[in-house]
Amino acid sequence: MFTSTLFASILPEILVLIIGLLILIVEPFWKEDQRRNVGWLTAGGLFIAMIISLLFGQPGEPVTTLGGMVRFDWLGFFFKQLFMFAGAATALLLMDNEKVGQRGEAYLLLLASLIGMNLMASSADLIMLYLAIETTSIPLYVLSGFMLADEKSTEAGFKYLLFGALTSSVMLYGFSLLFGFTGTTNIYQLADMLQTGNLTLVAAFGVLALILVGIGFKASIVPFHFWAPDVYEGAPTPVAGFLSTASKAAGFAVLVRLFFAVFPDPNLDIARGWAITIAILSAVTMTVGNLLALPQTNIKRLLAFSSISHAGYAMIGVVALSQLGAASVVFYLAAYILTNLLAFGIVMAFSRVTGLEDLKDYAGLSRRSPWLGLMMLAAFLSLAGMPPFGGFVAKVFVFAAGIQAGYVWLVVVGILNSIIGVYYYLNALKYVYLYRSSEQDEENHPVPLTRPYMIALAVLAIGVILIGTIFAPWFSWSDAAALNLF
Amino acid sequence: MNFPVLSVITFTPMVAAVLILLLPAQRKNEARGVALAAATFALILSFWTYFNYDQAAAGYQFVEKYNWLPALGISLHFGVDGISAPLVLLTGVVMFTGVLISWGDDHPHIMAGIQDRPREFFAFLFILASGVFGVFVSLDLFMLFFFYEIAVFPMYLLIVIWGWIVTREYAAMKLTLYLFIGSVVSLVGVLVMYWVAGQNTGVYTFDMLQMEQAGFSQTFQNIWFLPVFFGFAVLGGIWPFHNWSPDGHVAAPTAVSMFHAGVLMKLGAFAALRVGIMLLPQGAQTWSWLIMLFAAIAVVYGAYIAFVQADLKYMIGFSSVSHMGLVMLGFSTLNRAGLTGAGVQMFSHGVMTALFFAITGMIYDRSHTRQIPELGGMSKIMPFATVGFIIGGLVSMGMPGFSGFVAEFPIFMGVWGVQWLVAVIASISIVITAAYIMRNIRQVFFGDMPEKLEGHMTDVTVLDKVAITTLCLFMIIIGLFPSFMVPMVQTGVENILRLLGGA
């Protein structure tokens with residue numbers, strides 16, 4: 001029963017769990033002022049876990065293990081690596097956040113939610129999927145409201161909890177209906193039944209809509225996005241960064257797996273109908289996100305709305321329902337995770353020193369700390385989709401997939417939206433590079449970075465440039481992940 | 001494998017930009033030194049490429065090809081032909097002179113050149129230069145697009161940070177949005193071309209040499225030629241999408257204006273030619289009347305607006321619209337004379353406007369005004385710059401013996417062969433140009449110096465003189481010895497004609 005494949009299929013989860021246990025054992029022995037070092041342990045442990053699972057946990061042909069609960073394939077594997085990377089970066093960024101980073105629990109919650117995400121990416125069964133989603137969400141509710149003394153943080157945690165509970169119960173209702181109609185909870189068996197016509201179209205449509213509510217919440221797709229700006233603004237910034245990247249990508253991992261399993265043939269009527277539904281959602285998500293980002297003055301809210309719009313761009317690849325489409329979504333998410341973590345990391349580093357979060361407070365940043373300014377340039381230009389940063393290539397691939405599938409109108413909407421995006425991203429950079437802060441001798445007011453920030457930001461910035469220039473290896477991994485869907 | 005000269009040229013500025021950023025902020029002169037060294041190196045290599053291009057063999061030379069993303073048919077495929085080799089040389093020249101001009105002089109009265117944060121300035125300028133080189137040498141459509149976008153975004157920062165304080169925020173955003181809209185419109189066309197070419201031939205590739213054989217249908221070409229050509233032509237300053245250009249010129253600092261008018265506008269025209277006309281030749285034949293109409297309007301309208309400007313930089317900005325209109329006019333003829341003229345005009349105009357903007361910048365740095373009526377008598381203080389401006393003026397008017405004549409004469413010949421009426425109308429611009437150039441030379445450089453400028457003016461620096469001399473030499477050499485450039489451009493034109501005829 002315990003075969004090596006079984007072990008390999010949940011190796012990342014096991015390793016993450018071991019790190020968590022280690023923290024539980026070690027942390028009480030450390031003095032209060034040393035507890036931030038748990039961050040080094042978490043980040044280093046996740047890094048080692050990534051290497052171990054790269055060496056020993058690579059999937060071969062897709063198989064299902066654990067009694068059909070988990071599917072072991074490249075799609076899941078690639079997403080798990082991405083999540084662990086995002087987790088490591090977040091742990092580093094947490095360390096010097098005074099109210100959160102000094103407490104060992106924060107890292108433990110982060111790891112717990114990582115286990116959930118890893119399982120989300122590889123679930124092949126509705127029950128497993130639901131458990132995974134809840135395992136992801138509950139620690140994140142706590143993390144969002146971690147700063148008890150801070151009203152906004154408490155509000156964020158509570159809001160996130162209410163939205164999450166509501167949407168996941170709607171999704172659970174969908175799951176139970178699906179089980180009632182078919183008598184099975186395995187995603188791949190369900191897909192077969194749908195194709196052979198054992199499930200009526202109306203029922204399938206309705207049930208999928210219910211499930212989409214839950215996924216849409218995780219991925220912050222309009223109209224399930226209302227929580228995002230408030231939660232990002234109130235939650236501790238590293239947590240907001242994690243929510244907007246790994247947690248969103250986990251939602252997409254489920255969306256991609258479900259959608260492609262259920263509709264392997266894009267020419268079926270129901271597949272077309274769903275593709276058009278998703279296309280409309282994608283267009284609305286992009287447009288709403290970008291238009292609402294325009295008037296923002298708080299940088300965290302700006303990033304929140306921009307991250308909503310990025311979910312819209314990524315969905316263009318889902319709509320395409322082709323191998324390139326799936327590969328482009330995975331590639332887009334990889335580029336997006338790096339870029340957005342970088343952006344949030346800079347916001348953290350800046351507000352840790354200054355305590356300020358408004359765009360206008362960034363005036364003169366490039367004079368105060370030229371390198372921080374340059375990294376912000378890289379992050380924002382990558383979000384705007386400019387080369388040589390990751391965002392450009394990712395956008396071109398997604399657009400290429402959309403055009404291949406014949407959705408020229410959707411690509412045109414995407415392009416109009418990128419123009420809006422360029423406007424507000426460049427506007428933000430104008431503060432960094434052009435305006436002067438109230439003290440005229442900015443050179444003497446640098447924004448010092450502590451070592452964890454330096455490491456995290458440098459790795460992320462280099463990653464954003466690498467993914468945008470030497471994109472062949474990244475793309476072939478995304479492509480391998482996409483191949484497993486067919 | 002031969003020496004990969006084209007990739008070295010393309011990536012030299014990029015590497016230099018990183019090196020400059022790694023220097024400490026206080027070491028301004030070291031930053032300038034690295035910049036000058038890199039620019040000189042790139043200039044020498046582009047000269048080498050130009051003179052070693054084998055005109056008898058023609059075609060694409062110094063070809064390098066590395067697979068970049070085989071799954072989608074993207075490769076790093078470099079090569080130059082008779083059209084792009086002069087443009088690579090032009091970029092080298094403008095980059096070299098641009099660095100010289102920006103070196104500046106921190107004499108308290110003058111503050112010429114770039115004194116505030118030169119490190120960042122040169123780094124952004126060089127990233128821009130890398131993008132420009134990359135577009136001129138890329139034979140892969142994806143990479144061409146990649147470099148094209150790299151050339152666009154540093155402009156925003158260069159203008160917004162170091163630009164003219166009054167209009168820089170407005171102009172920089174306007175310019176960036178115009179160029180971005182243009183480029184994404186052509187991106188849609190490019191992606192559609194990629195898929196259709198793949199369906200037609202079975203090979204999905206962004207390689208332009210293979211896409212030339214894709215056999216696009218007549219209807220397809222008629223539809224998609226418009227977004228592809230005009231999307232790129234926005235950067236070429238084509239009427240009615242030229243509005244960003246004079247505003248951008250005026251707001252930009254001197255070296256950026258030189259780059260912008262001298263090289264960037266060629267980038268748009270070149271990409272429109274390479275992607276629009278060469279990959280969709282039948283579409284070009286269908287729509288050539290429209291390009292000709294727009295170009296003819298640009299030529300006359302640009303010259304007329306330039307005539308009424310009181311601001312020296314606006315005048316040059318609109319004269320650029322007019323001269324780039326001549327390039328587009330040459331494209332629209334689709335015949336040998338017109339295309340050859342357009343090719344030479346791209347080089348000639350690049351050198352000429354770079355010179356105009358350089359001298360305008362020198363005057364502005366010292367007098368702090370660009371209003372033509374407020375200037376006068378400069379020839380007494382800066383005789384060297386005066387001579388340079390007059391030579392540029394003669395080129396602008398198309399005087400025989402200078403490069404402008406070599407370029408414009410074939411264009412008008414080509415247009416005459418297609419539609420004589422357009423040639424007649426467009427030639428009005430020559431008269432207008434002569435009028436405003438001569439009026440300005442008289443007002444700015446001769447006559448009496450206004451009282452408030454007395455004592456403030458100093459002569460240009462030695463580096464400025466080197467830059468002026470370099471630029472003037474090219475205009476005179478091409479004018480006296482057209483064989484320096486015309487046969488080279490003709491080899492490139494033959495290839496375009498083959499595509500147009502064989503279609």
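All conditions but one from (1) in a helix (DSSP H, G or I); (2) within 13 Å of another protein chain (Cβ to nearest Cβ); (3) in contact (Cβ under 8 Å) with a residue 60 or more places away in the chain; (4) of a type outside the set (S, T, N, Q) apply to B:Ala129; the one that does not is (2).
Residues of segment A:182-201 that are over 17 Å from A:Met171 (Cβ atoms), β-branched (Val, Ile, Thr) and within 31 Å of the chain's Cα centre (by Cα): A:Thr184 alone. Answer yes if at least one residue in segment B:220-230 is in contact with a strand residue (DSSP E or B) (Cβ under 7 Å, 6 or more places away or on another chain), more than 14 Å from every other protein chain (Cβ to nearest Cβ) and either over 20 Å from B:Ser332 (Cα atoms) or of a type outside the set (S, T, N, Q) (or both), and no otherwise. No; the residues of segment B:220-230 include none that is in contact with a strand residue (DSSP E or B) (Cβ under 7 Å, 6 or more places away or on another chain), more than 14 Å from every other protein chain (Cβ to nearest Cβ) and either over 20 Å from B:Ser332 (Cα atoms) or of a type outside the set (S, T, N, Q) (or both).
Scanning segment B:20-38 for residues that are within 14 Å of chain A (Cβ to nearest Cβ) and in contact with a helix residue (DSSP H, G or I) (Cβ under 7 Å, 6 or more places away or on another chain), we see that the one that is nearest to A:Pro446 (Cα to Cα) is B:Ala25. Scanning segment B:332-360 for residues that are more than 11 Å from the chain's Cα centre (by Cα), farther than 21 Å from B:Gln419 by Cα and among the polar types (S, T, N, Q) yields a single hit, B:Thr360. Check segment B:188-201 and report whether any residue there is among the hydroxyl-bearing types (Ser, Thr, Tyr), crowded, with 24+ Cβ neighbours inside 10 Å, farther than 30 Å from B:Ser367 by Cβ and more than 10 Å from chain A (Cβ to nearest Cβ). So far as segment B:188-201 goes, no, none of its residues is among the hydroxyl-bearing types (Ser, Thr, Tyr), crowded, with 24+ Cβ neighbours inside 10 Å, farther than 30 Å from B:Ser367 by Cβ and more than 10 Å from chain A (Cβ to nearest Cβ).
Just to be sure before I move on: is A:Met386 at pLDDT 85 or above, assigned to a loop (DSSP other than H, G, I, E, B) and either closer than 28 Å to B:Phe126 by Cβ or at the interface with another protein chain (Cβ under 9 Å from one of its Cβ atoms) (or both) in the structure I sent? Spelling it out, A:Met386 is indeed at pLDDT 85 or above, assigned to a loop (DSSP other than H, G, I, E, B) and either closer than 28 Å to B:Phe126 by Cβ or at the interface with another protein chain (Cβ under 9 Å from one of its Cβ atoms) (or both). The residues of segment A:213-227 that are within 14 Å of A:Tyr160 (Cα to Cα) and part of a loop (DSSP other than H, G, I, E, B), listed by number, are A:Ala219, A:Ser220, A:Phe224, A:His225, A:Phe226. Kindly check whether there is at least one residue in segment B:67-78 that is more than 14 Å from chain A (Cβ to nearest Cβ) and either closer than 22 Å to B:Phe3 by Cβ or in contact with a Pro (Cβ under 6 Å, 6 or more places away or on another chain) (or both). Looking for residues that are more than 14 Å from chain A (Cβ to nearest Cβ) and either closer than 22 Å to B:Phe3 by Cβ or in contact with a Pro (Cβ under 6 Å, 6 or more places away or on another chain) (or both), one finds at least one in segment B:67-78, hence yes. Looking across B:Leu157, B:Leu177, one residue alone is facing chain A (nearest Cβ under 7 Å) and surrounded by fewer than 24 Cβ atoms within 10 Å (Cβ to Cβ). It is B:Leu177. Has segment A:13-24 got at least one residue that is outside any helix (DSSP H, G or I), surrounded by fewer than 14 Cβ atoms within 10 Å (Cβ to Cβ) and at negative phi? Checking segment A:13-24: not a single residue is outside any helix (DSSP H, G or I), surrounded by fewer than 14 Cβ atoms within 10 Å (Cβ to Cβ) and at negative phi.
May I ask you to verify whether A:Ala349 is more than 14 Å from chain B (Cβ to nearest Cβ) and either outside any helix (DSSP H, G or I) or buried (at least 21 other Cβ atoms within 10 Å of the Cβ) (or both)? Yes: the conditions hold for A:Ala349. In this structure, is B:Tyr148 of a type in the set (Ser, Thr, Tyr), crowded, with 24+ Cβ neighbours inside 10 Å and facing chain A (nearest Cβ under 10 Å)? Considered against the rule, which asks whether it is of a type in the set (Ser, Thr, Tyr), crowded, with 24+ Cβ neighbours inside 10 Å and facing chain A (nearest Cβ under 10 Å), B:Tyr148 comes out as yes. Of the helices (runs of 4 or more DSSP H) lying entirely inside segment B:1-109, those containing at least 3 residues that are surrounded by fewer than 16 Cβ atoms within 10 Å (Cβ to Cβ) span B:5-22, B:28-52.
I'd like to check something: does segment A:345-364 contain any residue that is under 27 Å from A:Ala320 (Cβ atoms) and either in contact with a Phe, Trp or Tyr (Cβ under 8 Å, 6 or more places away or on another chain) or among the polar types (S, T, N, Q) (or both)? No, there is no match, as no residue in segment A:345-364 is under 27 Å from A:Ala320 (Cβ atoms) and either in contact with a Phe, Trp or Tyr (Cβ under 8 Å, 6 or more places away or on another chain) or among the polar types (S, T, N, Q) (or both). The number of residues in segment B:289-310 that are within 30 Å of B:Glu374 (Cβ to Cβ) and surrounded by fewer than 24 Cβ atoms within 10 Å (Cβ to Cβ) comes to 8. Would you check if A:Ser328 is small (Gly, Ala, Ser), within 13 Å of chain B (Cβ to nearest Cβ) and over 30 Å from A:Pro446 (Cβ atoms)? It is true that A:Ser328 is small (Gly, Ala, Ser), within 13 Å of chain B (Cβ to nearest Cβ) and over 30 Å from A:Pro446 (Cβ atoms).
Applying the criterion of at least 2 residues that are modelled with pLDDT under 90 and within 8 Å of chain B (Cβ to nearest Cβ) to the helices (runs of 4 or more DSSP H) found wholly in segment A:392-486 leaves A:408-433, A:472-483.
The values are calculated or read from the model by the stated rules, or taken from the named source; none is laboratory data. What you see is a predicted model; the values in this text were computed from it and never measured. Counting neighbours? That spans all protein chains shown, and the Cβs are built from the backbone with ideal geometry, glycine included.
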